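Accompanying notes for the structure given below.
We did not get these values from a lab; they are worked out from the coordinates using the rules stated. On a predicted model such as this, the values are computed, not experimentally measured, just so you know. Cβ placement follows ideal geometry from the backbone for every residue including glycine, while neighbour counts extend to all protein chains displayed.
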Amino acid sequence: MQVEEVKQKVTEILSQQIEFEGHFDAVIGNMTENQQLNLLEWVKKCFNKDIYPEPSPYFTDLLVFFFKPAVTNIRAILTKKKNSYFLALFSDKHKYYKREREKLGF
């Protein structure tokens, strides 16, 4: 899939516009289609509350979902405002993922 198609599908799943952060375009562009589908499935599970978020220790009104598949070093973080809307989908390699986790207090 093309990057814009993945973004559109994420937007459709979450029923709203969100920000795409990190090196999202480059990361998604280099993923296999199967990896992209796994990411989209994870976003669906987050939206359907099949995966429970972790509250951010630094930001009391922020919930965080982590995507960390075992077969690749590609990671993602989906943030959501408590009892409200999704904010951003961050995707990058492990080094930048770790840095983003630290910013959120993890």
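Points to keep in mind about this one:
- With contributions of -39500 (n - 2.57) from each DSSP H run of at least four residues, the per-residue ellipticity at 222 nm computed over the chain stands at -13000 deg cm²/dmol.
- Coordinate range of the alpha-carbon atoms in the chain per principal axis, descending: 36, 30, 21 Å.
- Here the calculated FRET efficiency for Thr32 and Lys95, from their Cβ-Cβ distance with R0 = 30 Å, stands at 0.90, rounded to the nearest 0.05.
- Each Cα pair under 8 Å and six or more residues apart adds its sequence gap; the mean of these over the residue count of the chain is a relative contact order of 27 percent.
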